[in-house]
1. Name the residue, out of A:31, A:38, that is among the charged types (D, E, K, R) and surrounded by 12 or more Cβ atoms within 10 Å (Cβ to Cβ).
2. Identify, from the list A:218, A:282, A:296, A:260, the residue that is modelled with pLDDT of 90 or more and touching a strand residue (DSSP E or B) at 6+ places or on another chain (Cβ under 6 Å).
3. Just checking, how many residues over region A:130-142 are modelled with pLDDT of 90 or more and in contact with a helix residue (DSSP H, G or I) (Cβ under 8 Å, 6 or more places away or on another chain)?
4. Residues being within 24 Å of the chain's Cα centre (by Cα), within 14 Å of residue A:275 (Cα to Cα) and within 8 Å of chain A (Cβ to nearest Cβ): count how many of those fall in region B:382-432.
5. May I ask you to say which residue of A:208, A:232 is of a type outside the set (Val, Ile, Thr) and touching a Lys or Arg at 6+ places or on another chain (Cβ under 9 Å)?
6. Tell me which residues, restricted to region B:245-284, are of a type outside the set (Asp, Glu), more than 24 Å from the chain's Cα centre (by Cα), away from every other protein chain (no Cβ under 11 Å) and closer than 18 Å to residue B:412 by Cβ.
7. When you look at residue B:235, is it assigned to a loop (DSSP other than H, G, I, E, B), more than 14 Å from every other protein chain (Cβ to nearest Cβ) and surrounded by fewer than 19 Cβ atoms within 10 Å (Cβ to Cβ), yes or no?
8. For region A:242-326, give me every one of the helices (runs of 4 or more DSSP H) that falls completely inside it and has 3 or more residues that are of a type outside the set (Lys, Arg), within 14 Å of another protein chain (Cβ to nearest Cβ) and in contact (Cβ under 8 Å) with a residue 24 or more places away in the chain.
Amino acid sequence: MLSQLFSTVLIVLAGIAAALAVFLVLNKLAEALPGRWEHRVKPYFFVAPAVAAIGVYLIYPTVVTIIDSFRDSNGEGFVGLDNFSKLLATPAFRQTLLNSLLWIAVVPATCIVVGLIVAALADRLSSGAEKAAKTIIFMPMAISAVGAATVWRFMYATQPPGTPQTGLLNGVVTALGHDPIPWLQQTTWHANSLLLMVMLLWGQAGFAMVLLSAAIKGVPTESTEAARMDGAGELRIFWRVIIPQIRGTLITVFVTVLIGVMKIFDVIYVMTDGAFNTNVVGLEFFNQLFTNYNFGYASAIVVMLLVAIVPIMIYQIRQFRAEESA
Amino acid sequence: MFTRKLVLGVSAFSALSLLITGCSSGSDTGDTGDKTVTIWTSMDQPIIDGLEAALAPRAKAEGITVKWSKVDNISQLIVQKVQANDPPDIAFMPQPGIIKDLAAKGKVTALDGILDLPTLRNSMTAGTLDVAQVDGKTYGLMVSMNVKGLVFYPKKAFEAAGYTAPKTLDELDTLTAKIKADGNTPWCLGIESGTATGWPATDWFENLVLKYGGLAQYNAWIAHQVKFDSPLVRQAAAEFEKIAFTDGNVLGGRKAIASNAFGTAGNAMFNSGKPGCYLYQQGSFITGFFPKAIQQSLDAEVGLFGLPPATAGGENAVEGGGDTASIYKNSPAAQKVMKLLAATDLGTTAAGNGSSFLSPHKDFPISGYPLQTTQAVAKVAYGSTGFAFDGSDAMPTAVGSGTFWKEMTAWIAGQQSLDTALKNIDASWPVS
């Protein structure tokens, strides 16, 4: 343990030193050039390592993944669009896509609503109570998703009737005299997927709340005072005065949660591993790659995800720019 | 001055790179005078302790020092180390498939000239010497084994009710019906295991395929020469269906199976008062999951029998696993250690020290196991007609750790027909 700690510290220090050394050397190189050129070249020298890192760790893998999505399961020989057509032809994968869509439709919107309600209501509490309420709601953010999901399994855990229930929900259900319900097996209306979403909402609501709360507090009191003077009710003020002024933050939170949900993996991996029709795209990718060693399918899934996410990211960046210039 | 700086720099750099890669270069036994033999294993520490204590003095007598290392992820690591030409002298592998792969590439030393195989064959449990054979040559020696397909029962209640161990699968059905007729629940059944949910169901299937089809058919099945969608597998499925899906057969009914954790599913057998269920099929390791109080008086509380054969006195192979030793770096010293590992009485210390060790030698004295429970497991193993390695471990991972688990779970949870499940598993078998 101590030696691991020691080597970790050493690696961090060595990494920082190496990065510094690279910039020092580049700086020296630029300075070695004649006067005018030094100033012309220097910015590029300083930007180059970051660009190179993104190229090596982001762009290159993306290109390779796209190429691999047209190759067979071993990453050899081109098979055209086979991976895509075969995947889309399997009923299981179509269900996986449907589940992912369900997550996208439910989680970001609910997250905003919950975050907004809490932020707006907490704003009206005394400062001590506001702090306490916010701390409690924010706390789950501090737990890793895998840890939180492991704990949440105990919410839904089910033992056979007649044996002591370790799950909280079934503890309540059996105490009321009913048979325990295998929660995570309830596939009607994708109820089990909804139960998994509850866990993510529990984890993410704090994030939405903090940002939205800050935005609400940033709304100038003059505007709300003026509305109040004009005789607007509190709800009307909220909808007509506050919401328009925090629109930017709302979109940012929505898109961030949306992208997070599209990539969702850990919660489902830990709670069901996709069994009982709870599979989603992020998890299917993992299982294709690390259980089935099917590089073709795994790459094809990632490419589909990429195609879906890129427009959203472009929208967010545009939105961000529009805000900046406003 | 300059050279000193350079040397310093280089050694600092190499020390750093060693730290960063986080690996030591291992013990180099290349020197001819050096008689150290390294053994890698992932077995439980108490088993290693027992074997190490027995081996050390015998190796010393030959002038050899044996260095044991407990390695996690041994399967991946051994492949990497062999590729890097830096393997240990001997390693114990839990998956014989990897030994066979490496042997086919010429990276493992055949034991044919080294061990007295004909004599060993008489000493060892049928089939255990054949788990790592390639082209008629033997590449692995099983040193420690475990057995699956055991049916555990709460001894006191079971015997008080006058139940007896069945001799055929039909008798198992009769016993099930009898327990139910007495107003009790016959079976405990749980296949929940986190991300590995479903494997206990595949164990059920493997055992039933083995009992109905025999070892040869079983091996053809795990190589996909016999399909999942085949009469044999359907016969196994029908028996499982009869046991697990019949109303009143399983504690909590069919719906409870998929969400019942395998580790605690058997604990209902030890409910105070009346057992919640009377039979629980699992591997020999499951006793470690029983309640503490039961573990402390295991012999008084727990009885077991092996899943019976299809016909009385017919072929009755058992399914199990084991750690199989092979030579990855050949040397006279490694060969000598291998010979010492083949001795039946090498396991005496490990068997006696309270570990879960089970010797694959059928001439190992049963009395060498302090617990009656372990003795009963040993009797099941030593009395078998053959040894089948865990099938889902031997199948491609896309099936063995993928669709086989998932489709069985979906079928048992009632979300998929058996027909679809079997066809889906067949379809998922990678084309190579």
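1. A:38
2. A:296
3. The total comes to 7.
4. Qualifying residue count, region B:382-432: 4.
5. Answer to the selection: A:232.
6. B:245, B:246, B:248, B:249
7. No, not satisfied.
8. A:266-271, A:295-325
The values are calculated or read from the model by the stated rules, or taken from the named source; none is laboratory data. Keep in mind it's a predicted model, so treat the numbers as computed, not measured. Glycine also receives a Cβ, built like all others from the backbone with ideal geometry; neighbour counts cover every protein chain displayed.
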